[in-house]
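Below is one structure, written out as structure tokens, with a few remarks after it.
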Amino acid sequence: QVQLVESGGGLVQAGGSLRLSCAASGTIFSINAMDWYRQAPGKQRELVAATSSGGSTNYADSVKGRFTISRDNAKNTVYLQMSSLKPEDTAVYYCHATVRGQLGGPAWSYWGQGTQVTVSS
């Protein structure tokens with residue numbers, strides 16, 4: 001019903017920058033949260049950055065000052081601008097969104113397929 005398509009992952013040197021994009025499509029009445037998570041090898045999935053429909057943002061302490069999350073609501077797209085990348089940022093990054101398909105209907109969680117970000121030292 002709703003698809004989240006991510007792009008922008010890849011290999012980057014430490015100290016470099018990368019921008020991830022996630023576009024939502026399908027049956028969308030409104031999108032509440034749009035978030036970025038990541039999962040490094042052998043580690044639990046963690047919230048990296050989050051946005052609400054009201055415009056508030058939240059970041060993991062490890063990325064504050066380096067990452068910026070933003071939304072283009074007209075395009076149902078969320079971005080993650082990553083700067084000053086560190087090897088410990090290496091992970092699969094997942095887009096997540098809570099989406100309402102119709103007025104008065106329930107909000108469901110959807111996940112993107114994940115995109116690999118590798119930061120070399």
I need the full set of residues from segment 72-92 which are within 10 Å of the chain's Cα centre (by Cα) and under 21 Å from V2 (Cβ atoms), in order please. T77, V78, Y79, L80
Going by what's in this entry, would V119 be described as among the β-branched types (V, I, T), farther than 14 Å from S30 by Cβ and more than 12 Å from the chain's Cα centre (by Cα)? yes
Keeping to segment 64-92, report how many residues are touching a residue at least 40 places away in the same chain (Cβ under 8 Å) and open to solvent by 40 Å² or more (accessible area, probe 1.4 Å). 9
Taking segment 93-114 and keeping residues touching a residue at least 60 places away in the same chain (Cβ under 8 Å), assigned to a strand (DSSP E or B) and either open to solvent by 20 Å² or more (accessible area, probe 1.4 Å) or of a type in the set (A, V, I, L, M, F, W, C) (or both) leaves Y94, C95, A97, T98, V99, R100, A107, W108, Y110, W111
Pull out all pairs, ordered by first then second residue, where Cβ-Cβ is under 9 Å, the residues are six or more apart or on different chains, the first lies in segment 1-23 and is under 12 Å from L85 (Cβ atoms) and outside any strand (DSSP E or B), and the second is of a type in the set (K, R) and open to solvent by 20 Å² or more (accessible area, probe 1.4 Å). A14/K86; G15/K86
Identify, please: which residue in segment 24-67 is under 10 Å from the mean Cα position of the chain (by Cα) and of a type in the set (V, I, T) and is, among those, nearest to P87 (Cα to Cα)? V48
Looking only at residues that are closer than 17 Å to N73 by Cα and among the polar types (S, T, N, Q) in segment 3-24, which one is surrounded by the fewest Cβ atoms within 10 Å (Cβ to Cβ)? Q3
Condition first: out of contact with any Lys or Arg (no Cβ under 9 Å at 6 or more places or on another chain) and farther than 17 Å from E6 by Cβ. Now tell me which residues in segment 20-39 satisfy that. T27
Matching residues, segment 66-92, being assigned to a loop (DSSP other than H, G, I, E, B) and over 19 Å from A23 (Cβ atoms): R66, S83, S84, L85, K86, T90
How many of the residues in segment 25-63 are open to solvent by 80 Å² or more (accessible area, probe 1.4 Å), within 16 Å of A91 (Cα to Cα) and among the hydrophobic types (A, V, I, L, M, F, W, C)? 0
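The values are calculated or read from the model by the stated rules, or taken from the named source; none is laboratory data. None of these values were measured; they are calculated from a predicted model. Every residue, glycine as well, gets a Cβ built from its backbone with ideal geometry; the counts of neighbours run over all protein chains shown. Each accessible area value is taken on the protein alone, full model and side chains, heavy atoms only, with ligands, DNA and RNA left out. Shrake-Rupley method; radii C 1.70, N 1.55, O 1.52, S 1.80 Å.
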